[in-house]
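The values are calculated or read from the model by the stated rules, or taken from the named source; none is laboratory data. What you see is a predicted model; the values in this text were computed from it and never measured. Cβ atoms come from the backbone with ideal geometry, glycine included; neighbour counts cover every protein chain shown.
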Amino acid sequence: MLIRTHEDAKNDAVEDDKWISRRYTLRADGMGHSMHETYIKPGKELHMWYKNHKETVLCIEGEGKIQDLTEGGEWELKPGVLYALDKNQQHILSSEKGMTVICAFSPALVGPESHDEQGSYPLLDDDGTVMRR
């Protein structure tokens with residue numbers, strides 16, 4: 001059994017000027033997915049395209065929007081609303097006042113991943129070597 005606290009996840013956090021991702025589980029944990037708590041900073045807009053991963057996201061605090069750039073549509077996000085990027089959709093995630101979401105990635109992230117210029121995470125081998133961008 002794995003037990004992780006918010007403090008534990010802070011030790012595996014990745015941050016940039018728009019978001020903070022606290023990684024609770026990673027590929028080394030053997031779960032088949034990784035679980036993250038991500039805070040979208042106030043007034044930020046993130047253009048993302050997870051070409052190598054599927055992602056499921058549950059809003060737990062704050063409010064924001066998700067805009068699907070692949071299939072079209074825009075949805076309001078608030079606590080209790082979930083979205084899943086089942087077809088690797090390009091999207092824009094934004095929040096005026098800040099928003100916290102819980103994210104599950106498959107395949108699981110290794111840990112150090114950060115968004116590239118297309119808003120994607122590379123697919124890493126267990127040792128952190130890039131397998132695919």
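Structure summary
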| read-out | value |
| --- | --- |
| Unmet criterion (only one of (1) part of a helix (DSSP H, G or I); (2) farther than 23 Å from Val130 by Cβ) for Ile60 | (1) |
| Contacts under 8 angstrom Cβ, first residue in region 31-47 being within 18 Å of Asp68 (Cβ to Cβ), partner among the aromatic types (Phe, Trp, Tyr), 6 or more apart | Ile40/Trp19; Leu46/Trp19 |
| Subset of region 87-133 [of a type outside the set (S, T, N, Q), more than 16 Å from the chain's Cα centre (by Cα) and part of a loop (DSSP other than H, G, I, E, B)] | Glu96, Lys97, Asp125, Asp126, Asp127, Gly128, Arg133 |
| Subset of region 10-19 (residues that are among the β-branched types (Val, Ile, Thr) and either in contact with a helix residue (DSSP H, G or I) (Cβ under 9 Å, 6 or more places away or on another chain) or not in a strand (DSSP E or B) (or both)) | none |
| Region 48-99 - residue that is among the polar types (S, T, N, Q), within 22 Å of Arg22 (Cβ to Cβ) and at pLDDT 95 or above and, of those, surrounded by the fewest Cβ atoms within 10 Å (Cβ to Cβ) | Thr56 |
| Residue match in region 72-81 (condition: closer than 23 Å to Arg133 by Cα, of a type outside the set (Phe, Trp, Tyr) and either touching a strand residue (DSSP E or B) at 6+ places or on another chain (Cβ under 9 Å) or without any contact (Cβ under 8 Å) to a residue 24 or more places away in the chain (or both)) | no |
| When residues of region 21-37 are limited to those that are of a type in the set (A, V, I, L, M) and at pLDDT below 95, the one surrounded by the fewest Cβ atoms within 10 Å (Cβ to Cβ) | Ala28 |
| Which listed residue is part of a helix (DSSP H, G or I), at negative phi and either surrounded by fewer than 13 Cβ atoms within 10 Å (Cβ to Cβ) or in contact with a Leu (Cβ under 9 Å, 6 or more places away or on another chain) (or both), from Glu7, Glu45 | Glu7 |
| Meets criteria (farther than 22 Å from Asp125 by Cβ, surrounded by 15 or more Cβ atoms within 10 Å (Cβ to Cβ) and β-branched (Val, Ile, Thr)) for Ile40 | yes |
| The lone exception for Ala84 - which of (1) in contact with a His (Cβ under 9 Å, 6 or more places away or on another chain); (2) hydrophobic (A, V, I, L, M, F, W, C); (3) part of a strand (DSSP E or B) it fails | (1) |
